[in-house]
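Participant: My questions all concern the structure below.
Derivation of every value follows stated rules applied to the coordinates shown; laboratory data play no part. These numbers were taken from a predicted model, which means no experiment stands behind them. FYI the Cβ positions are ideal-geometry reconstructions off the backbone, even for glycines, and counts take in every protein chain you see.
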Amino acid sequence: MKIGIIGAGISGLSIGQILKEYFDVEILEKENEIGGIAKTKIVNGITYHLVGGHCFNSKNKNVLNFVFNKILSKSEWHLVERKAKIFFKNHIIDYPIEFSIKQIAKFDEELAFNITKDFFSSKENINPKNLAEWFIQKFGETLAKEYLIPYNRKIWNQDPYEMDYTWVKDKLPIPNKKSFFLSLIRDIKDNMPHSFFFYPNSNNQQTFINALSLGLKIVKNYPVKHIEKVGNKYVINGEKIYDLIISTMPLNLIPFVIKETPLEVKKKSRLLKYNRVTNMLWETEPVENTWTYFPDKEIKFHRHIHIGNFFEPKNSRYTIAEVIGKHSYEDMLNYAKKLDYLKKPLDYNVSEHAYVVFDKNYRNTKNYIIKFLEDYGIYTLGRFGEWEYYNMDICIEKAMQLSEKIIKRYG
Ligand SMILES: Cc1cc2nc3c(=O)[nH]c(=O)nc-3n(C[C@H](O)[C@H](O)[C@H](O)COP(=O)(O)OP(=O)(O)OC[C@H]3O[C@@H](n4cnc5c(N)ncnc54)[C@H](O)[C@@H]3O)c2cc1C
């Protein structure tokens, strides 16, 4: 059986690795480089992540075993401690904010008191109507309104009062009243998967991506523009014939390349919203942390990733500064004027799909399109293939789950 996989990002490469042991597998990639959103490039000898700054970890033992036993051995990675900070009301405090109330009290006792009071009086177990309400219920009104709602408004470019909240579970450290209390009397840490993370010893995430591609048949510079069902086969671009297709290309685009897509599905696809991201690599004054969040709406950046601190040995003079949406090179330079530790711009990139926007219609809309694709016979996988907030580890987990299903059915 011949399987065609659309896209050589983390999802397509991962499922390709598993399925190639059972089937004839070919990956079709529109770009001339593999890695999708996670790919990197070397600039002045420094790894530049064209989108984000990808660190790897997982809570799932099977994912860790797959990566360390099959793809890139654990000795090829080093462990980095996350030292994330928040630039909050012109002060640098530790992430997560709910464990940094003592630090807030040093510059604003009243605010620290109100955060604490509201946190302890917040009510759980009520169905929130939107993301903003969910934040208020989980974190209390003051913390939600002073930090979580403004920060989320910035990174989604959407009003959190208009957003779905169901996707957020496991994406944020959620304190309970006991851990919040303990943070007031001693230093404590959250246990999110990225509180420690792995980065390749080569100091380049592309080493992992390249290892993930070993032994795979990948056709680069091959955009899938047309899919048609002929008998029980799928024909891509009028020339490549497969028994089965797995798509990791964005869910809002695939209906437009399938010949038989009904108008209603195309209409729905136009409702799916996403954000692009613009980033710039900077040479900087030395910084000790791994990344910094900027909730302040006067600062255009939402996050600075101090990529040099992912390396071993550390090189604390390199930062990737991110802004949601498409911005010009000159705009990025202007935004940087407010932060004088950014010394010299080295590179610049505007992404395509970066963040799924979880508006209130997203779940119904994406389910409708996925159902059409399933009925048509195409499996969807990955961050934009499934239209979900997946990190690399979840993409690998989903690839493992889908491959199991396919092997059971056709293997
Ligand atoms: C700013 C940012 C920071 C992030 N940071 C982290 C992090 O620190 N750690 C982490 O684990 N995850 C992180 N992620 C998430 C991570 O990037 C994704 O989970 C993962 O890279 C998604 O892989 P994918 O294969 O599902 O999708 P993609 O990477 O989007 O791959 C899809 C592939 O399909 C190709 N394609 C699209 N259309 C076609 C077509 N018509 N024909 C052929 N090919 C096509 C694309 O070129 C691409 O290569 C981050 C994401 C962002 C946006």
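Participant: Based on alpha-carbon atoms only, what is the radius of gyration of the range 271-351 relative to the globular estimate 2.2 N^0.38 Å? Display every interim value, and only then the final one.
Facilitator: Working: Rg = 12.8 Å, N = 81, 2.2 N^0.38 = 11.7 Å.
Normalised by 2.2 N^0.38 Å, the Cα Rg of the range 271-351 equals 1.09.
Participant: Taking Cα atoms of the range 97-189, Rg/Rh with Kirkwood Rh, to two decimals?
Facilitator: Working: Rg = 13.1 Å, Rh = 13.6 Å.
Reported Rg/Rh (Cα atoms, Kirkwood Rh): 0.96.
Participant: Around S403, under 12 Å between beta carbons, what's the net of Lys plus Arg minus Asp minus Glu among the other residues? Provide the component values of the computation, followed by the final result.
Facilitator: Working: positive: K20, K398, K405, K408, R409; negative: E21, E397, E404.
Within the 12 Å Cβ shell, the charges total +2.
Participant: Helix 10-19 versus the longest principal axis of the chain: what angle, 0 to 90°, nearest 10, using Cα atoms?
Facilitator: Between helix and principal axis, roughly 40 degrees.
Participant: What net charge do the residues around E352 carry, taking every other residue with its C-beta under 11 Å from that of E352, with Lys and Arg at +1 and Asp and Glu at -1?
Facilitator: Numbers: positive: K30, R276, K326; negative: E31.
Result for the neighbourhood of E352: +2.
Participant: Right, next: Using only C-alpha positions, report the orientation-averaged shadow area of the convex hull of the range 1-92, nm², one decimal.
Facilitator: Numbers: hull surface 36.9 nm².
It is 9.2 nm².
Participant: Same structure again: Counting only helical runs of four or more DSSP H residues, what would the 222 nm mean residue ellipticity of the chain come to if each run contributes -39,500 (n - 2.57) and the total is spread over all its residues?
Facilitator: Working: 12 runs with 117 residues, N = 411.
Computed mean residue ellipticity for the chain: -8500 deg cm²/dmol.
Participant: Ok, one more. Within 10 Å of each candidate Cβ there may be at most 15 other Cβ atoms; applying that plus a DSSP loop requirement, which GluC sites (Glu not before Pro) in the range 74-172 survive? Walk me through the intermediate numbers first.
Facilitator: Working: sites: E76, E81, E98, E109, E110, E124, E133, E141, E146, E162; in loops: E124.
Sparse-neighbourhood loop GluC sites (Glu not before Pro): E124.
Participant: I would also like to ask the following. Distance from the Cα centre of the range 286-344 to that of the range 50-127, in angstrom?
Facilitator: 18 Å
Participant: May I ask for the net charge around D331, where only other residues with Cβ less than 14 Å from the Cβ of D331 are counted and Lys, Arg are +1 while Asp, Glu are -1?
Facilitator: Numbers: positive: R276, K300, K326, K337, K338; negative: E322, E330.
After counting each charged neighbour, the total is +3.
Participant: Could you state the orientation-averaged shadow area of the convex hull built on the Cα atoms of the chain, in nm² to one decimal? Walk me through the numbers on the way to the answer.
Facilitator: On the way: hull surface 82.5 nm².
For the chain, the mean projected area of the Cα convex hull comes to 20.6 nm².
Participant: Tally the DSSP beta bridges in the chain and give the antiparallel ones as a percent, rounded to 5.
Facilitator: Numbers: 44 of 62 bridges.
Given both bridge residues lie in the chain, the antiparallel proportion sits at roughly 70 percent.
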